[in-house]
Structure formats: structure tokens, C-alpha cells
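The values are calculated or read from the model by the stated rules, or taken from the named source; none is laboratory data. In this text, all values refer to a predicted model and were calculated from it rather than measured experimentally. Here the Cβ is made from the backbone with ideal geometry for all residues, glycine too, and neighbour counts use every protein chain on show.
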Amino acid sequence: MTRRTFITHTAAATTLCLTPSFAAEQKKGPETLALYELRWSFDLSHHGGDVSLWIPLPSRISGFQEILKTGWRTDAAESYESEANRYSARTFYAHWGKSAPSKTLELSLTVALRDRQCNWRPQRICPETIEESKAFLAPSAHLPTDGAVARISALIVGAEKEPLKKARRIYDWIVDNSYRDESVMGCGTGSPNAMLAELEKNGHMGGKCLDMSALCVALMRASGIPSREVMGIRVGESRLSAAFGAGETITKAQHCKVEFFTPQLGWIPCDPADITKLVLKEGIEKSSPRARALAEKFFGFWENNWMALNHARDFDLFPANAQGMLDSFGYPYAEVEEEYLDPFDPASYRYAFRSAKGIL
């Protein structure tokens with residue numbers, strides 16, 4: 001017998017997933033603060049058999065992102081929130097048995113976003129935060145720090161020792177040497193070795209946001225800078241360019257950014273991938289004043305129309321899935337009779353994400 005539930009959590013019950021100690025002084029003007037009402041709908045009724053679904057949820061990020069409300073309505077036999085995974089990535093899980101006549105879920109989120117802008121002034125970063133950041137120096141299955149990654153990182157950084165300057169050299173190198181490849185599915189595979197192999201073979205390297213972000217992170221880690229990709233989704237229009245924005249339908253608006261750590265400034269945001277999207281969508285040159293200005297801005301900046309989900313890569317879901325370790329968690333993940341369901345085909349999967357700007 002199925003049950004139908006409707007549960008709402010207020011901001012007071014929201015727990016932390018990403019815990020950056022940013023050097024981000026937020027502007028106080030109302031133009032930098034935006035409220036969004038999100039509705040994420042799933043209907044897996046046409047998938048026969050046992051169905052399990054894992055959905056990445058946003059978490060609070062001090063100074064940038066507040067989760068004011070999370071609610072859901074579902075006929076799943078089992079459903080709950082969890083952070084029981086290696087990265088404490090906030091996750092919604094639902095399960096329907098084989099005999100379930102209906103398999104539906106609707107998530108509702110209210111999120112407040114403020115521009116995240118680094119002020120570049122040294123801060124006192126607590127020793128515990130510095131120690132915790134070191135976990136993001138380690139390689140993983142999709143983020144190697146040896147071989148070609150180590151070699152290219154050393155060439156880019158050269159004799160530079162200062163972490164912020166090293167990070168900037170790597171960021172600029174990614175922008176200069178990559179291009180957006182629209183044939184890539186979703187956000188890409190996030191394989192630095194594949195990107196570097198293409199560069200060596202063809203003199204250029206194409207991909208999408210996860211590809212460029214993963215390469216940026218791998219190169220930074222290889223140079224001794226803690227860093228991580230941050231999976232997320234665009235939730236509204238951009239003040240800067242249509243290339244960076246989304247409409248009310250955000251089903252395919254996933255986007256991955258980067259943040260890196262220095263002991264003087266804490267976690268610093270950046271986004272090399274969106275500069276390649278700007279160049280493609282606006283038909284401009286990377287050397288143009290507009291592209292150069294935005295490349296400068298995006299080293300230390302996230303706009304308030306993008307919502308962060310998690311920095312989880314190469315990890316195990318909870319509860320455990322049949323197909324094993326996930327390489328990233330920016331899209332919903334589902335299994336039907338323990339077979340993986342392709343999230344890049346939402347029409348067949350039957351899910352839809354919508355976003356509407358709220359009133360502050």
C-alpha cells in the first residue's frame with residue numbers, strides 16, 4: 001500500500017553541506033540579492049519494476065546561498081533526506097516497489113542567492129579550516145594529479161610559489177586553451193586526461209563546464225592548491241549575459257563552477273568554463289575587451305542566478321545504488337530494476353525543473 005506525504009523543512013532545519021570559509025565581502029545593495037521558487041517534478045510511473053531515485057539538493061553557503069524552505073510531495077513507499085556520503089552532499093532519496101501504480105515526486109525549494117564576490121583582503125583563517133581544505137588536494141578516480149596533469153601544471157605555474165598567483169595562471173590557461181563543444185552530452189565527463197590528450201593531439205581542447213572545471217581543479221591540486229568543482233544549476237536570468245542565464249524551464253540548466261583555497265583568503269570562487277560559453281554564444285573573440293573583462297571578473301565571482309548543489313565526485317551514494325560509485329552528482333540519478341536511467345534524456349526519464357523569481 002502506497003502512502004502520500006507532504007513535508008516542509010524551514011531554514012532553521014537546513015544543514016550544511018558546503019562549508020567554505022570564504023573571503024567574500026557581499027555587496028549590500030538589493031540588486032545582488034535574489035529569491036527563487038523552484039519546482040522539480042518526477043513521474044516515473046511508466047517505468048515498470050522497482051525504482052530508486054537520488055536527487056542532489058542545495059545546502060546553505062554562508063554569504064551566498066540560503067535555503068529558506070524545502071518541501072516534497074510523493075507517493076513513494078520510502079522517501080527521506082540524507083547527507084550520509086563522503087562529501088555530505090545533501091540528497092533526497094525515494095523508492096517505489098514493483099507493484100506501485102504511480103511513481104511521482106514533486107520537490108519545492110525556496111532559495112535566496114546573493115552575488116559572491118571575493119574582496120581579496122587577507123583574513124584570519126582558522127587552523128581547522130586550513131587543515132580541512134587539505135582533503136581537496138588528493139586525487140580521485142576522475143581527478144588525477146600525476147602524469148600529464150602534473151607535467152602541464154608545472155609548465156603553467158613555472159617558478160611561481162604564491163598560491164593565488166599560481167591559481168590565476170591555471171585559470172587563465174584554461175580560458176586561453178579551451179573551447180565549448182556543444183556536441184558534448186550534459187556537462188561533460190570531467191576527465192582531465194581526456195582534455196589534455198585532445199590538446200596534445202589537436203592543439204586545442206573542447207568540452208563543457210564539468211570538463212573544464214575538472215581540469216582546472218586537477219591542475220590546481222597538482223600545484224598544491226586545494227580546489228574542487230561545485231555542481232549546480234542556473235535558476236534565472238543573468239545581469240551579465242544571456243549566455244550565463246536560464247528561463248523558467250531549467251531542466252537542462254546544470255552548470256559546474258570551481259572554488260579553490262588559500263590560507264590567506266579561504267575559499268575563492270571562479271568559473272573558467274563560462275568564458276568559453278560567452279565566446280560561443282555571443283560570437284566574440286577571447287581577446288575582445290568584453291571577454292577579457294568578464295574573464296577578469298569571473299576569477300573571484302559567482303553571480304546570484306546560479307544555485308550550488310555539491311562538490312561530490314567519485315563517491316558512493318546512500319543508500320547504496322546497484323551500479324556503484326558516482327563520478328559526479330549534478331543531475332538526478334535513478335535505477336530501474338538496478339539498471340541506470342539516463343539523466344541526459346529528461347523526456348524519457350520524465351522529469352522537469354522549473355524556476356520562478358520570487359519577491360523579496
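Of all residues in segment 151-181, exactly one satisfies the criterion of being in contact with a Pro (Cβ under 8 Å, 6 or more places away or on another chain) and under 10 Å from S223 (Cα atoms), namely P163. Filtered by the rule that a residue be of a type in the set (F, W, Y) and either assigned by TED's automatic domain parsing to the domain that holds L326 or out of contact with any Gly (no Cβ under 7 Å at 6 or more places or on another chain) (or both), segment 160-219 gives Y171, W173. Scanning segment 227-258 for residues being crowded, with 16+ Cβ neighbours inside 10 Å, among the β-branched types (V, I, T) and not in a loop (DSSP other than H, G, I, E, B) gives a total of 3. Only a single item in (1) touching a residue at least 40 places away in the same chain (Cβ under 8 Å); (2) assigned to a strand (DSSP E or B); (3) touching an Asp or Glu at 6+ places or on another chain (Cβ under 8 Å) is not met by L210, and it is number (2). Any residue at all in segment 70-85 that is touching a strand residue (DSSP E or B) at 6+ places or on another chain (Cβ under 9 Å) and modelled with pLDDT under 95? The answer is no; no qualifying residue exists. Every listed requirement among (1) at positive phi; (2) free of Cβ contacts under 8 Å to residues at least 12 places away in the same chain is met by R151 save one, (1).
Residues in segment 170-203 that are part of a helix (DSSP H, G or I) and either farther than 23 Å from T262 by Cβ or polar (S, T, N, Q) (or both): N177, N193, A194, M195, L196, A197, E198, L199, E200, K201, N202.
With respect to the conditions (1) part of a helix (DSSP H, G or I); (2) farther than 22 Å from E296 by Cα, A167 falls short on a single one, namely (2).
When segment 280-303 is filtered for residues that are hydrophobic (A, V, I, L, M, F, W, C) and over 25 Å from L164 (Cβ atoms), the ones remaining, listed by number, are L280, I284. I'd like the residue in segment 272-326 that is farther than 28 Å from S62 by Cβ and assigned by TED's automatic domain parsing to the domain that holds E66 and, out of all such residues, is surrounded by the most Cβ atoms within 10 Å (Cβ to Cβ). Per the criteria, the residue is N321.
Taking the listed residues R234, R292, R239, the one that is without any contact (Cβ under 8 Å) to a residue 40 or more places away in the chain and of a type in the set (D, E, K, R) is R292, with no other qualifying.
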